[in-house]
Amino acid sequence: MNSLLLLLIGIVVFLVAYVLYGGYLAKQWGVDPKRETPAHTKFDNVDYCPADARILLGHHFSSIAGAGPITGPILAAVFGWVPVFLWILFGSVFIGGVHDFGALLASIRHDGKSIGEIIRVNIGERGKMIFNIFAWVTLILVVAAFTDICAATFAFDASKPTALVGAQAGTASLLFIILAMVFGFFVYRKNAPIGVSTVVGVVLLFLCIWIGYAFPIIKLTKVQWDVLLLIYISLASILPVWVLLQPRDYLCSFLLYAMLIGAVVGIVITHPSMQLAAYTSFTVKGQTLFPFLFVTVACGAISGFHSLVSSGTTSKQITKEAPDAKLIGYGAMLIEGLVAIIALIAVGYVAKSTGTPAQVFAGGVAVFMNSFGLPVAVGKVFVILAFSAFALTSLDTATRIGRYIFQEFFDNASASAKKTFANIYFSTFITVFASAALLIYGYAKIWPIFGSANQLLAGLALLAISAWLAKSGRKYINTLLPMIFMFGVTLTALVLLMKQYLFGAKPNFILGTFAVVLFVLAIVLIIEAISVFSNKPQSKGKEMKAN
Amino acid sequence: MNTNDYLLLLEKMYSKHFTIEKDVKVLDYPINIYARYSDVGGRTFVTQNDIIDKFEVNEFCFIKSFDELNLNDINDFIIFLKSTTEKIVNPNRDHKSTTITGIVVSENSASDEIIKTISKFKFTKAYLFYLHGWSDIRLILIDLQNSSIITNKEGAKVKKVYQNTLLNK
């Protein structure tokens, strides 16, 4: 199968879906171009401020894009590329896009409050606590999975001294972090002009890649990288954002776009054939296609965190409901689906390649980019750097949110307990420590549990959107069916994981306990949410204006 | 344009985004207009109250008019502005930067010595090795007699704003 055809099918399907299904949803949900958005009705020039739709699309996409859409399809490719491809197409169009678009519109109609906020305000204090525990456990899994993937990618194996790609990418990554801090210092502190600084920063960014490639001096083992990365995310969680995160995220966006453009152009020129089997088996390594395919692809088709992290910001800046909400809510998810297809093509091309998802992805994309003259070895370092930049963004955001949630557990505690347990250093330490304890199991085992938890969040968001649509007299079948599917998939996956880890031939009680905790919390949360959204009238104090 | 007219124009300009106090004493130093602006940015998770990271950027403007401007007045004003970076600015882990803008309004021409002092003035203060942010001081002299503006290097960034106000644009 020619992969160019897959890419073209993906682009055509997404474009058609954007116009037809996106337009249909907009009509069903009563998207109104003349209706004033919160950016106008609550304008304060700080949070509520109308922004150009194209700029907002870029901002929203960089907020939701992490390493998930690359890692997920590569791990799921063990079932063959056809089921993964179909799920990316189907999931992005009918579930992930609907989820993101619905969450954004619901947020716009609730004065810019995020869908997570709508859930939390409506489910009460007990629901909030359950939600917090659920989110914290999920975040620990995220931190453990991405730390392990990065460490394994950067690790140098002394028994294979010629295999230097990890050391090269690791060296480039460390240089990139230093560059970002220097860039931030000059832009924020020395008031260097942003245009000139950006050009210089991007040039130096590519210089970091070349130096890493030519002088791979950071040769650390996986365990050493694990420790270094845990120290890094602890610091990233504690340091002021302008010192490291803001300049790094800014420079990262150029890596993201360069990699996307390079990969698409490379696939068009190379149009490689898929070497991976179209379909392998329903059961692979003890895991069945249903439900594990749907939780493993994760963010490549739908992600619950999209609605929690980004919709609250984006909805406050939307200028017009139409066409902006569809472009940003639905369009950004389809672009993420395209990233997932590129990842699938990369793994499909280098079918026999081994290594971490980052290495597999880099191996494929570097060959594609070689078609326009970029040496494969340099391309690999570039792609791994881009991947790790995504992963580090996911990591530090997850650590910060995890730290915040842990602090919130002690909101009602005594002053001394609060001082001890809710301070920023202790809560960061506990969050990172809990993640570190999971590293021993490796990302491959952690990923299905993380995927299940993430998709469960999406199911909850779809429940809230369905309830809002139903209460406002609109059709909600387009959100109800995906919600039922996501709850079915994720709860089944957790039951199977519990069975595997607690009663299987090789029991793993730690991961099994995680699955049990997530399952129980999810069930309680779903019952809470259904009873609030469907049966009980909202109390006046909690009522939120929505229409 | 006389001092009162210009102060009224400044007040009108600031009122769009700043909180204004008129004829107040700040740190025992009399000020014609004290204008404050604070912007907080960052990211939230789930609800607006769940702030996972934030940073605040402030600008404090101190407008002082002088009848007969002399170098001592300028030096005293500079000492006052420097003291605000310690006593008014509140450095903390969310504080990114504060700009102190000191504006001297005079109906008389400034001497070369004063112009030199203002032009060469530079002050910046880092809090806890920048981890708690920093402060910069902009120093601006509005010469109403010649309709000219003299600034230090930091103040040059906003010279056009005050120039437009002076020309009542």
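The values are calculated or read from the model by the stated rules, or taken from the named source; none is laboratory data. Since the model is a prediction, treat every value here as computed from it, not as a measurement. When we count neighbours, we look across all protein chains shown, and the Cβ atoms used for this are built from the backbone with ideal geometry, even at glycine.
The figures follow:
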| quantity | calculated |
| --- | --- |
| Matching entry among B:ILE74, B:ILE114, B:ILE63, B:ILE118 (being crowded, with 20+ Cβ neighbours inside 10 Å, assigned to a strand (DSSP E or B), among the hydrophobic types (A, V, I, L, M, F, W, C) and more than 14 Å from chain A (Cβ to nearest Cβ)) | B:ILE63 |
| Checking B:GLU107 against (1) in contact (Cβ under 8 Å) with a residue 40 or more places away in the chain; (2) within 13 Å of chain A (Cβ to nearest Cβ), the condition it does not meet | (2) |
| Segment A:150-164: number of residues that are surrounded by fewer than 24 Cβ atoms within 10 Å (Cβ to Cβ) and part of a helix (DSSP H, G or I) | 1 |
| Which listed residue, of A:ALA67, A:ALA103, is within 17 Å of the chain's Cα centre (by Cα) and either of a type in the set (Ser, Thr, Tyr) or within 14 Å of chain B (Cβ to nearest Cβ) (or both) | A:ALA103 |
| Pairs, first touching a residue at least 60 places away in the same chain (Cβ under 8 Å) in segment A:181-193, second in a loop (DSSP other than H, G, I, E, B) and of a type outside the set (Lys, Arg), C-beta under 7 Å, six or more apart | A:MET181/A:VAL243; A:MET181/A:LEU244; A:GLY184/A:TRP242; A:GLY184/A:VAL243 |
| Among the residues listed as A:LEU175, A:LEU139, the single one being within 14 Å of chain B (Cβ to nearest Cβ), in contact with a Gly (Cβ under 7 Å, 6 or more places away or on another chain) and part of a helix (DSSP H, G or I) | A:LEU139 |
| Qualifying residue in segment A:324-336 (condition: modelled with pLDDT of 90 or more and more than 15 Å from A:PHE61 (Cβ to Cβ)) | no |
| Every residue from segment A:246-278 that is of a type in the set (A, V, I, L, M) and free of Cβ contacts under 8 Å to residues at least 60 places away in the same chain | A:ILE261 |
| Residue among A:ILE269, A:ILE233, A:ILE261 that is part of a helix (DSSP H, G or I) and either touching a His at 6+ places or on another chain (Cβ under 8 Å) or within 14 Å of another protein chain (Cβ to nearest Cβ) (or both) | A:ILE233 |
| Flag if A:LYS419 is more than 14 Å from chain B (Cβ to nearest Cβ), more than 21 Å from A:ALA301 (Cα to Cα) and modelled with pLDDT under 85 | no |
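Residues checked against (1) among the basic types (Lys, Arg); (2) under 14 Å from B:GLY155 (Cα atoms); (3) at pLDDT 95 or above:
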| position | (1), (2), (3) |
| --- | --- |
| B:SER83 | no, no, yes |
| B:VAL89 | no, no, yes |
| B:ASP94 | no, no, no |
| B:ILE103 | no, yes, yes |
| B:ASN108 | no, no, no |
| B:LYS120 | yes, yes, yes |
| B:ALA126 | no, no, no |
| B:GLY133 | no, no, no |
| B:ILE140 | no, yes, yes |
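Every residue, every condition in (1) acidic (Asp, Glu); (2) within 18 Å of the chain's Cα centre (by Cα); (3) away from chain B (no Cβ under 14 Å); (4) over 24 Å from A:ASP249 (Cα atoms), yes or no:
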position: A:VAL383; (1), (2), (3), (4): no, yes, yes, no
position: A:PHE387; (1), (2), (3), (4): no, yes, yes, no
position: A:LEU392; (1), (2), (3), (4): no, yes, yes, no
position: A:ASP396; (1), (2), (3), (4): yes, yes, no, no
position: A:ASP411; (1), (2), (3), (4): yes, no, no, yes
position: A:THR431; (1), (2), (3), (4): no, no, no, no
position: A:LEU439; (1), (2), (3), (4): no, no, yes, yes
